[in-house]
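Here the structure is laid out as structure tokens; the discussion comes afterwards.
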Amino acid sequence: MRHILLVGAFALTAQAQSPEAVQRRAVEERLSSFSPADRAWGAYLAGNYKLPEFVPRIQQLLLEDDSLLQRAALDALIRLEASEVPQDLLTKLLPKHFDPVAILLLRNPAQAQPVFLRLMNDTLTDHQWFVVHSGLIASRAPRQAAALVLDWTLGFRIRVVDAATPDRQSAGGIGACWDGPPQLRSNYPPVVNFEIGQHRSIPLLGGPPALTYDKDSCVFNEGIDRRTFTLDYLRYLAAYEAPLPNRRVLFTGDTDFTRSMAALKAELGNYLLGLRDALVKAGSIDAQEWRQPKIEIEAEDARSGPHTPLPSVDWLI
């Protein structure tokens with residue numbers, strides 16, 4: 001009997017010293033510390049060790065008035081794939097930590113819809129506007145189309161070519177890199193914020209447009225143009241698949257170019273009328289809510305060799 005008890009005691013000791021037990025004890029000790037920096041390390045290590053049982057404890061760190069501690073907690077919650085973080089905690093942190101909070105909210109777009117509806121009419125950066133409306137699309141929010149067409153602008157870029165213009169190869173995104181994480185206070189973990197985009201490594205929303213996120217040191221610099229995305233959102237809400245007018249304009253002379261531009265303006269006008277009718281038919285908007293956008297046509301002069309400037313055209317519709 002004594003031999004059996006000794007074997008059992010040895011087994012318990014070995015189990016207590018397992019790597020998993022050591023990791024849990026390290027996280028527990030730091031989360032229980034009086035030091036905000038230690039608690040930040042506890043959250044950070046819980047994310048590293050993939051210990052989801054600490055999610056409730058980490059959520060409570062969001063209540064503390066320490067921005068670096070909040071960043072570490074958000075970082076851990078994202079890496080632990082937490083999907084039920086209380087919205088009242090997250091909403092208060094949106095102004096300070098927009099992308100990490102938005103990632104957690106977008107894990108459940110339908111539940112987060114009231115938050116994004118409140119943000120819809122706020123003053124937002126282009127990036128924030130893009131994230132908010134993508135979340136509303138994913139949650140099938142009502143009245144989004146009516147909000148999108150209020151005072152909207154459609155940007156339409158054309159490429160003017162001649163017979164000798166070579167075909168253009170598609171260019172990739174603009175890369176941007178930096179040397180590791182930002183310099184934080186030395187006793188806090190080295191957290192780099194997660195950021196939302198379209199060309200990152202971790203899927204977030206299926207779209208359209210598809211949203212992804214990551215925290216890599218090399219990411220794509222994605223300029224968000226509301227003029228383009230407003231049209232994309234409206235086309236999706238209307239299930240409108242009519243092709244846009246051709247963006248390639250063949251230059252054969254000033255007179256023909258002026259005629260081509262007049263025809264393009266008319267074609268864009270008809271396209272938008274079709275979009276309006278499709279939105280009404282889909283129940284996404286009432287006819288009286290439709291607003292015709294201001295249309296800004298931008299021309300890239302890609303003609304080869306020496307040439308005179310393009311004829312003066314009213315580029316606004």
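The values are calculated or read from the model by the stated rules, or taken from the named source; none is laboratory data. Being a predicted model, the structure only gives us computed values, none of them experimental. Positions of Cβ are generated from backbone atoms using ideal geometry, with glycine treated the same way; all protein chains shown enter the neighbour counts.
When you check residue 223 against the structure, is it at pLDDT below 80, outside any loop (DSSP other than H, G, I, E, B) and not hydrophobic (A, V, I, L, M, F, W, C), yes or no? So residue 223 fails the test. State yes or no: is residue 134 closer than 30 Å to residue 283 by Cα and either surrounded by 15 or more Cβ atoms within 10 Å (Cβ to Cβ) or touching a His at 6+ places or on another chain (Cβ under 9 Å) (or both)? So residue 134 fits the description; yes. Only one of the numbered conditions (1) loosely packed, with under 13 Cβ neighbours inside 10 Å; (2) on the phi < 0 side of the Ramachandran plot is violated by residue 283, and that is (2).
Kindly establish whether residue 235 is at pLDDT 90 or above and farther than 30 Å from residue 202 by Cα. When the stated conditions are applied, residue 235 does not pass them.
Can you find even one residue in segment 281-290 that is assigned to a loop (DSSP other than H, G, I, E, B) and over 19 Å from residue 145 (Cβ atoms)? Within segment 281-290, none of the residues are assigned to a loop (DSSP other than H, G, I, E, B) and over 19 Å from residue 145 (Cβ atoms). Assessment of segment 139-148 against the conditions (of a type in the set (Gly, Ala, Ser), modelled with pLDDT of 90 or more and part of a loop (DSSP other than H, G, I, E, B)) yields at least one matching residue. Scanning segment 23-64 for residues that are more than 26 Å from residue 95 (Cα to Cα), of a type outside the set (Ser, Thr, Tyr) and not in a helix (DSSP H, G or I) returns 34, 50, 51.
A search for C-beta distances below 6 Å between a residue of segment 258-275 that is without any contact (Cβ under 8 Å) to a residue 24 or more places away in the chain and part of a helix (DSSP H, G or I) and any residue that is surrounded by 18 or more Cβ atoms within 10 Å (Cβ to Cβ) and among the β-branched types (Val, Ile, Thr), counting only pairs 6+ apart in sequence or on different chains, returns 260/249.
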